[in-house]
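Asks: Once you've had a glance at the structure underneath, I'll fire off some questions.
Please treat every number below as a calculation from the coordinates, not as lab data. Computed from a predicted structure; not experimentally measured. Because the Cβ atoms are built from the backbone with ideal geometry, glycine has one as well, and the counts that use them run over all protein chains shown.
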Amino acid sequence: MADSEYDLLFRELQEIEEKHPELRAADSPTRRVGAAPASQLEKYEHLVPMLSLDNAFDDGELRSWEEKLVRLAGDDVRQSGYTAELKIDGLAVSLTYENGVLVGAATRGNGTVGEIVTNNVRTVRDVPLRLRTTALPGRVEIRGEVYFPFSAFEEVNVARAREGEALLANPRNAAAGSLRQLDPAITAARPLGFFGYAIAAEDPLPLQTQWDVLDALSEWGIPVAPHRKRCRTIDEVCEWSRALEHDLRSSLDFAIDGGAIKVDAFRVQEELGVIRGRVPRWAVARKFAPDIAETELLAIKVNVGRTGALNPYAVLKPVEIGGTTVKLATLHNEDFVRQRDLRIGDRVQVKRAGDVIPQLIAPLTTAPRGKEQWVMPVRCPSCDTPAIREEGEALTYCPNVACPGRQLEGLVHFASRGAMDIRGLSYARIAHLIDSGLVRAASDLYGLKPEQLLEMEGYAEKSAATLVKAIDDSRAQPLSRLLHGLGIRHVGEAAAQLLARHFGDLDLLLAANAAEIAKIRGIGLVIAQGVADFFSDPSAREEIQRFRECGLNFTEPRPETAGTSLAGKAVVVTGTLPTLSRKAATDLIEAHGGRVTSSVSKATSFVVAGEEAGGKRDRARALGVEIVDEAELLRRLESGDS
């Protein structure tokens, strides 16, 4: 059907449903465009819990996993065989169908309770609004993964760069963020995909194996990930895993982080059961090593950060890693370069840390070494001010507050989501404003007029008015956001909140000395001195006065107290939680009297750990500090049991 013909029929259907809303079916194509933005995402209890998987990182661990199963269920395990599937790196969701019609969708959440994202999921073209079957009376939940194809992700970022918008960081986060938008129209604009892999039903289905499930999903019109295989032995599983990791993975147009291996027969699955109600014994995730590539180190350059830190970074000969072309990689600091004896021209190993930020690992000692050694500049590459490195510090700094490099990065940080959250003020637009002479300091933003922007390339009337409104709206941000946005050395989001909540008003903070600031629990002398030094600088005082004249908010609202169940408790939050953002978890803990800290010590009461918790969870184990998940945190808040 031609697009024009489809559009005419679609419009006719819209008009009919407007006149006769009682005729609007749950699987109507008009429902794909989404509803009006919701005020919040409601919660949903899954029919059957969505479980996590334990990991196996090599063939030996796969064989050990099989041996444990055989000890529990005998040779039935080997007779059952295995289904091997791609483990899609996206956002797990559950689709609810009643009598074959899509009526709901929810995120995995904590496994038992997720967030309702029905209107957003309706915009995903891979998700059928009606299944191709008449044999499904009652309620059925189909589990699967929403993902962002690499090709579509690149197209979206090209378009965003053209519009001066911030680029999406990586496909996985973009998929999760797209699905959790309050406005389904935003989700609809992003070409997400979906693969199904499991079924939960109120009434028993005539399916005996996991392979039967995948076949049924495919027959019903649910996309199933390619390259699945029914393996008779664990040797075949290992062979499939190796082929996937070393050959197939690089050819895929979507991200995977391994394979999912499941005992095929349901009767054996039931016998093996579930560990602690969370992890099925009959399934394991065969995880792959981080993506690592080799390339040439072409140059080492230095970027000036918002606090004046001189940050070295590697310029690389372009190389493909995990479906992305990598040209630059972080080098952290001067000591990192020296310890690894990095030289221009070296053959080096590069990895994508967490599949997001490229990092240079080390030079290949078996390859010919480069001859040119790098040294940290003694003067700022942006303003030529003599650089300083204080004793005990890992970083070298430019002390010039008026440094152009610091100004650019400082303005980018000031406008960022964690600070003043000025939507539409991208890196490219800030650089353009600086180059045009319209903006030098953050306070200059609040004097911008739409007519000034219209004289610049890349602005139309609507985009100019929208940006000016976003800047105006940011005047109302609380003091904690402003303090974070100022780029005070050592002051991150958490420290900014502690300062704002303690003083409540910027003028009281301005009047305090380092000793008074250091008395705040969680601040310490280093941060206190950094704050005092910043506000003693005449140029910083002048900027504060300009903010005052521009009408920015200098106060912090007192947090509402929801209870005292965590009174006196020091809590660390690490990893990605199922339903709570880091900020939401922090706010909840503090509202119940707790204190969120950034590092684990013997004084830590407990650690809330999510996926990819990493070193903080390991340190907690080593110190014997209690580790809980999000569900247990919420239970303690509700019950008052800390």
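Asks: Looking only at Cβ-Cβ distances, which cysteines of the chain have no other cysteine closer than 4.7 Å?
Replies: Isolated Cys, the chain: 231, 238, 550.
Asks: Explain nothing, just the number: relative contact order of region 292-373, from Cα pairs under 8 Å at least 6 residues apart, as a whole percent.
Replies: On the way: 177 pairs, mean separation 24.1, N = 82.
It rounds to 29 percent for region 292-373.
Asks: Moving to a separate point now. Using only alpha carbon pairs under 8 Å that are at least six residues apart, calculate the relative contact order of the chain and give it in whole percent. Don't skip to the end; give the middle numbers.
Replies: On the way: 1175 pairs, mean separation 64.4, N = 642.
Computed value for the chain: 10 percent relative contact order.
Asks: Can you tell me which lysines have their Cα less than 29 Å from the Cα of residue 449? Leave out same-chain residues fewer than eight positions away.
Replies: Qualifying lysines at Cα under 29 Å: 462, 469.
Asks: Further question on the same structure: Roughly how far apart, in whole Å, are the Cα centres of region 202-234 and region 302-341?
Replies: Comparing the Cα centres of region 202-234 and region 302-341, I get a distance of 45 Å.
Asks: Hey, with R₀ at 30 Å, roughly what FRET efficiency would residue 159 and residue 621 work out to, going by the Cβ-Cβ distance, to 0.05? Please list the in-between numbers first.
Replies: Details: r = 45 Å, r/R0 = 1.49.
Computed FRET efficiency for residue 159 and residue 621: 0.10.
Asks: Still on this structure, please answer the following. Measuring from centroid to centroid over Cα atoms, what is the spacing of region 568-642 and region 400-455 in Å?
Replies: Region 568-642 and region 400-455 have Cα centres spaced 36 Å from each other.
Asks: Which aspartates and glutamates have a Cα less than 12 Å from the Cα of residue 583, not counting those fewer than 8 places away in the same chain?
Replies: 493
Asks: First measure r as the distance between the Cβ atoms of residue 336 and residue 603, then evaluate 1/(1 + (r/R0)^6) with R0 = 35 Å and state the FRET efficiency to the nearest 0.05.
Replies: Approximately 0.70, to the nearest 0.05.
Asks: If you don't mind, another one. Rounded to two decimals, what is the ratio between the C-alpha radius of gyration of region 479-549 and 2.2 N^0.38 Å? Could you put the intermediate results ahead of the total?
Replies: Values: Rg = 10.9 Å, N = 71, 2.2 N^0.38 = 11.1 Å.
It is 0.98.
Asks: So if R0 is 56 Å, what FRET efficiency would residue 516 and residue 367 give, r being the distance between their Cβ atoms, rounded to the nearest 0.05?
Replies: Details: r = 56 Å, r/R0 = 1.00.
After rounding, the FRET efficiency stands at 0.50.
Asks: Under the Karplus relation 6.51 cos²θ - 1.76 cosθ + 1.60, θ = phi - 60°, what is the ordered set of whole-Hz ³J(HN,Hα) values for region 366-382, x standing for Gly and Pro?
Replies: Karplus-based 3J(HN,Hα) across region 366-382 equals 7, 9, x, 7, x, 9, 8, 8, 9, 10, 5, x, 8, 10, 4, x, 9 Hz.
Asks: Moving on. Take the Cα of residue 135, step 7 Å along the line toward its Cβ, and report every residue of region 82-113 whose backbone nitrogen sits under 16 Å from that point.
Replies: What the label zone holds, given the 16 Å backbone N cut-off, is 99-100.
Asks: If you don't mind, another one. Going by average Cβ neighbours within 10 Å, how do the peptides 478-488, 536-546 rank, with the highest at the top? List each step's numbers first, then the result.
Replies: Numbers: 478-488: 22.6, 536-546: 13.2.
Ranked by mean Cβ neighbours within 10 Å, highest first: 478-488, 536-546.
Asks: Working out 0.36 nm times the residue gap between residue 508 and residue 227, then minus their Cα-Cα distance, what length gain in nm do you get to one decimal?
Replies: Numbers: separation 281, 0.36 × 281 = 101.16 nm, distance 6.31 nm.
This chain segment gains 94.9 nm when fully extended.
Asks: Going by C-beta contacts inside 10 Å, put 217, 47 in order with the fewest on the left. Can you show the working numbers first?
Replies: Numbers: 217 21, 47 14.
Lowest to highest Cβ neighbour count: 47, 217.
Asks: What is the antiparallel percent of DSSP beta bridges lying wholly in the chain, to the nearest 5? Working shown, then result.
Replies: On the way: 76 of 89 bridges.
Antiparallel bridges: around 85 percent, rounded to the nearest 5.
Asks: Then there's this: Could you work out the relative contact order of region 43-287? I mean the mean sequence separation of Cα pairs under 8 Å and 6+ apart, divided by the number of residues, in percent.
Replies: Values: 470 pairs, mean separation 79.2, N = 245.
Here the relative contact order equals 32 percent.
Asks: I would also like to ask the following. Among 324, 370, 295, pick out the residue whose Cα is farthest towards the positive end of the charge dipole of region 292-373, where Lys and Arg carry +1 and Asp and Glu carry -1 on C-beta, about the Cα centre.
Replies: 370
Asks: Which pairs, out of 87/351; 43/616; 262/317; 262/351, put more than 32 Å between their alpha-carbon atoms? Write down the numbers at each step before the final one.
Replies: Values: 87/351 20 Å; 43/616 29 Å; 262/317 41 Å; 262/351 30 Å.
Exceeds cut-off: 262/317.
Asks: With each pseudo-label sitting 7 Å past Cα toward Cβ, what's the residue 219-residue 303 distance in nm, one decimal?
Replies: Using points 7 Å along Cα→Cβ, the separation is 5.3 nm.
Asks: Let me ask you something else. Run the helix sum for the chain: -39,500 (n - 2.57) per DSSP H stretch of 4+ residues, divided by residue count, reported at 222 nm to the nearest 500 deg cm²/dmol.
Replies: Details: 24 runs with 223 residues, N = 642.
Estimated from H runs of four or more residues: -10000 deg cm²/dmol.
Asks: Points 7 angstrom from Cα along the Cβ direction at residue 55 and residue 494: gap in nanometres?
Replies: Spacing of the two 7 Å Cα→Cβ label points: 2.3 nm.
Asks: Note the listed values (1) 1.07; (2) 1.52; (3) 1.14, then indicate which one is Cα Rg over 2.2 N^0.38 Å calculated from this particular structure.
Replies: Structure-derived value, by its label: (1).
Asks: Mind checking the full-extension length gain between residue 250 and residue 436? Use 0.36 nm per residue of separation minus the Cα-Cα distance, one decimal, nm.
Replies: Numbers: separation 186, 0.36 × 186 = 66.96 nm, distance 4.32 nm.
Difference between extended and current length: 62.6 nm.
Asks: Which lysines does residue 519 reach when only Cα atoms under 19 Å apart count, and residues fewer than 8 places away in its own chain are ignored?
Replies: Those lysines meeting the cut-off are 569.
Asks: Would you mind working out the magnitude of the charge dipole of the chain relative to its Cα centre, with +1 at each Lys and Arg C-beta and -1 at each Asp and Glu C-beta, to the nearest 20 Debye? Please list the in-between numbers first.
Replies: Working: 79 positive and 92 negative charges, 268 e Å.
Dipole magnitude for the chain comes out near 1280 debye.
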